[in-house]
1. If you place +1 on the Cβ of every Lys and Arg, -1 on the Cβ of every Asp and Glu, and leave all else neutral, what size is the dipole of segment 188-391 about its Cα centre, to the nearest 20 Debye?
2. Rank by packing, highest mean first: peptides 234-242, 90-98, with packing defined as the count of other Cβ atoms within 10 Å averaged across residues.
3. Tell me what the chain gives for mean residue ellipticity at 222 nm when only DSSP H runs of n ≥ 4 count, each as -39,500 (n - 2.57), the sum divided by the residue total, rounded to 500 deg cm²/dmol.
4. Could you bin all the Cα-Cα distances of segment 3-106 into 10 Å bins starting at 0 and give me the percent of pairs in each, rounded to whole numbers?
5. With charges set only on the Cβ (+1 for Lys and Arg, -1 for Asp and Glu), what does the dipole of segment 42-94 come to about its Cα centre, in debye to the nearest 20?
6. Please identify the helices of the chain, taking whole runs of DSSP H, that span at least 18 Å along their own axis as judged from the Cα atoms and have a mean Kyte-Doolittle score of 1.0 or higher.
7. Which value in Å does the Kirkwood hydrodynamic radius of the chain take, with 1/r averaged over all unlike C-alpha pairs and then inverted?
8. I'd like the projected area of segment 285-392, averaged over all directions, using the convex hull of its alpha carbons. Report it in nm² with one decimal.
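Coordinate-derived values only; no laboratory data. Source: prediction; values computed, not measured. Please note: Cβ atoms are built from the backbone with ideal geometry, for glycine as well, and neighbour counts cover all protein chains shown.
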Amino acid sequence: MTPAARLQSAIEILDAVIAAAAAQGAPADRILADWARGNRYAGSKDRRAIRDLVYAAIRTCGPIPASGRAAMLLLAQRDPQLAALFDGSAHAPAPIGSNEVAAQPGIAPAWLEERLAASGISGDEAAALLARAPLDIRVNRLQADPAALVLPVEAESLPVPGALRLPAGTMVEQWPAFAQGLIEVQDAGSQLACLAAGPQAGETVIDLCAGAGGKTLALAAAMGNQGTLIACDTDRRRLGQLAPRAERAGAQIAHTLLLDPGREAEALADWQGKADLVLVDAPCSGTGTWRRNPESRWRLTPRELERLTALQARLLDIAAALVKPGGRLVYVTCSLLDEEGAGQAAAFLGRNSAFEATRPDVPLGMPRGPGLRLTPHHDGTDGFFIACLARA
């Protein structure tokens, strides 16, 4: 493919990404994968170049663009070589018109930038949300000794025990160490959230929003498979991914519970007041994960944020009933908005006098309200809020 043909393909893919964002459709990486399957003539260098163009445009535009062409025009304003490819030749985009309007730059749609700024995320902190993320892995202590593990490439040791960092795009899924369950792909911030939870051998631990089980597996490793670990979620597809992952990792999950949305407390009735630890990795806006999913900021609306904060509050109250006296509730979101983090935890403490906030002994993060916050700029991790809430 010529550079101009790559540019035109990127514009067409961006049109699909924009339409999917508006309709809550497929994510950008899936759209790119589908395009590659349908256009076999594109070689690996072509696909890589097109992907880089698509994601560069997504990261540069703040509000959702009017079109893929408008998004790419914004990049062309900053890159004369790219602008020259709008020449109207075969398979190339049409020449740039004198009255054409490029997309607007920025961090996010204006309303969302304002919410972030009100939560202390602006300037360099905000810009770091759209950088490219590295690849972090967790050494699975159930199967491997971190000190003795040998990997195909050199990895950077991180402050979180057992966390290693690799260059973005490293194909760890093809390594024998991955197939043997010696390592798991997991952002260092996610690993630190499990460290802050402090699961101990012999405890009863409930992962209330387990999803596909990334944190569940980390909890099992920290407990050394000693105790009772319960993984719950309302998403059958994602929860169904846990069993094969646990088998590969050598992790023992005592119970896997598929919850009925709105009736979670009924399914968990047998565990009321019995848990030493309940982890609530709540559904959220995902503002802390934009490095990996930059187009997700075009999908969030004020109404959806309101729905998520209401759900988070309800899940916290469900979790509180599961914690036994002397136990703890750990609330985690991959969001940097205070209404999903510090404000949510403070509201919970205001209506649950039996709980108090404690500061986890962890090597990263900054205090934020009743908890701590991790950011890409300050900590080099995805963005997280973590609150450790102890029951008297």
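1. 240 debye
2. Ranked by mean Cβ neighbours within 10 Å, highest first: 234-242, 90-98.
3. Mean residue ellipticity, 222 nm, calculated: -11000 deg cm²/dmol.
4. 16, 50, 31, 3
5. Computed about the Cα centre, the dipole is about 200 debye.
6. 3-22
7. Working: mean 1/r = 0.0447 Å⁻¹.
It is 22.4 Å.
8. Working: hull surface 27.3 nm².
Mean projected area for segment 285-392: 6.8 nm², to one decimal.
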